[in-house]
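Below you'll find the structure, written out as structure tokens, and then a few comments.
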């Protein structure tokens, strides 16, 4: 435990999948991790316990990030926790991971489901960073979760693809502003990863082969594959990289 000692990290959607893997990885590097969850409190507490068993420091915070009021309430609770635990409300690492999928063609997509997904995948990351800017310390790190579908055409998920394209644009847009304070902001774009979100595909042999076939390595990605990249982007080693989208798809559709 060394590279992230004395750093405070916030990971949204840390109760399962990629978010849990990132939270655990940052905790293993010495960061104190605030593990956000929307509804899966037990999952978030399990993430916290896994970090603590590894010798790290972590706590869970629940919040609905689908509205600005929910985001502000989350930060108010976070401020109280940090002041109580560490005597500061400053943070060093923000991981915008929380997101939802929408597998529907453009013809099948209705306004309600579109708006609900955009609230979590686009609106929430924007206002999470709006609140974070005044709290993140100089030299900090922002890591966003994008997707390889922003460069690979999949007609079954056009709305989801749009939402992740917005993450890429936001990452580039803020790099200039945050760079004046030596804060880097980068996005990670995974391909098919073996998480709960893809449970349906993983349980179907044909779909499982389809997902594995995207990568030149012939397998699905694992949450740890993404978490290791996040750990690098959170560390001092990534100080010369900002405004980038890091393809983490295992060479999908090269």
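If I go through segment 163-185 residue by residue, how many of them are out of contact with any helix residue (DSSP H, G or I) (no Cβ under 8 Å at 6 or more places or on another chain) and outside any loop (DSSP other than H, G, I, E, B)?
Residues flagged as out of contact with any helix residue (DSSP H, G or I) (no Cβ under 8 Å at 6 or more places or on another chain) and outside any loop (DSSP other than H, G, I, E, B) within segment 163-185 amount to 9.
Restricted to segment 51-91, and to residues that are assigned to a loop (DSSP other than H, G, I, E, B), out of contact with any strand residue (DSSP E or B) (no Cβ under 9 Å at 6 or more places or on another chain) and in contact (Cβ under 8 Å) with a residue 12 or more places away in the chain, which residue is nearest to residue 21 (Cα to Cα)?
54
So which residues in segment 202-220 are closer than 22 Å to residue 14 by Cα and either surrounded by fewer than 20 Cβ atoms within 10 Å (Cβ to Cβ) or at pLDDT below 95 (or both), if there are any at all?
Matches in segment 202-220: 202 only.
Test residue 82 against the stated conditions and say whether it is within 12 Å of residue 12 (Cβ to Cβ) and surrounded by 13 or more Cβ atoms within 10 Å (Cβ to Cβ).
The answer is no for residue 82.
Taking the condition of being out of contact with any helix residue (DSSP H, G or I) (no Cβ under 9 Å at 6 or more places or on another chain), part of a helix (DSSP H, G or I) and surrounded by fewer than 16 Cβ atoms within 10 Å (Cβ to Cβ), how many residues in segment 111-162 meet it?
Going through segment 111-162 one residue at a time, the tally reaches 4.
The values are calculated or read from the model by the stated rules, or taken from the named source; none is laboratory data. Since this is a predicted model, take the numbers as computed values, not measurements. For neighbour counting, all protein chains shown are included, and Cβ atoms are generated from backbone atoms with ideal geometry for every residue, glycine included.
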